[in-house]
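Notes follow once the structure below has been shown.
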Ligand SMILES: [Zn+2]
Ligand SMILES: [Zn+2]
């Protein structure tokens, strides 16, 4: 029985490419995926000095909104996320944990002074969503260049990696009975 993924569209953020994200996650993980809106109290996670949101606190708030304890939940937001030791993060998750959170804030080409590119944005969002969910499904970082579990600090590294698991990661996914 595959573990379903619930995509939580946070605080009114519902991009028109949500369906493409849902299919991208479903394809990569071979699990059923559905999306629905969730309202979070973000005040506790906001850091006024940095004008960013603490990813770990936001994820903790999200986990209190789970509908199904058997599903993995992925929060999707456009808020700029950070953790205290880093300037920013694209997302955050717990290894083998119940959920993850991903932000599109720094996945937009406009953020880097480039023209909007929705195709590229969707591609990046799928990769980061699958990556963070991969951690929630128990995957650690993978050194393979074309693997979605490769770590990426900068958006250029997101562009270089694949949206799929490499053959070694796929085997461990199969062995774990997750697909
Ligand atoms: Zn990672
Ligand atoms: Zn891999």
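What is the list of residues in region 48-76 whose amide nitrogen lies under 20 Å from a point 7 angstrom out from the Cα of residue 26, following Cα to Cβ? Answer for this model: 67-68, 70-76. Helical content of the chain, expressed as a calculated mean residue ellipticity at 222 nm, amounts to -9500 deg cm²/dmol (DSSP H runs of 4 or more residues, -39,500 (n - 2.57) each, divided by residue number, nearest 500). Taking the centroid of alpha carbons for each part, region 96-165 and region 15-63 are 13 Å apart.
In region 5-140, the DSSP beta bridges split such that about 25 percent are antiparallel, to the nearest 5. Under the criterion of Cα pairs below 8 Å and six or more residues apart, the relative contact order for the chain equals 19 percent. Going from the fewest other Cβ atoms within 10 Å to the most, the residues 7, 85, 44 appear in the order 85, 44, 7. What the Cα convex hull of region 46-91 gives, in volume per residue, is 77 Å³.
Cα-based values for the chain, radius of gyration first and Dmax second, are 15.2, 46 Å. Taking label points 7 Å from Cα along the Cα-to-Cβ direction, residue 44 and residue 66 give a separation of 1.6 nm.
Taking label points 7 Å from Cα along the Cα-to-Cβ direction, residue 95 and residue 167 give a separation of 2.6 nm.
A short reminder: the numbers here are calculations on the coordinates, not readings from a lab. Here the structure is a predicted model, which means the values were calculated and not measured. A quick note on method: Cβ atoms are made from the backbone with ideal geometry, for glycine too, and the neighbour counts reach across all protein chains shown.
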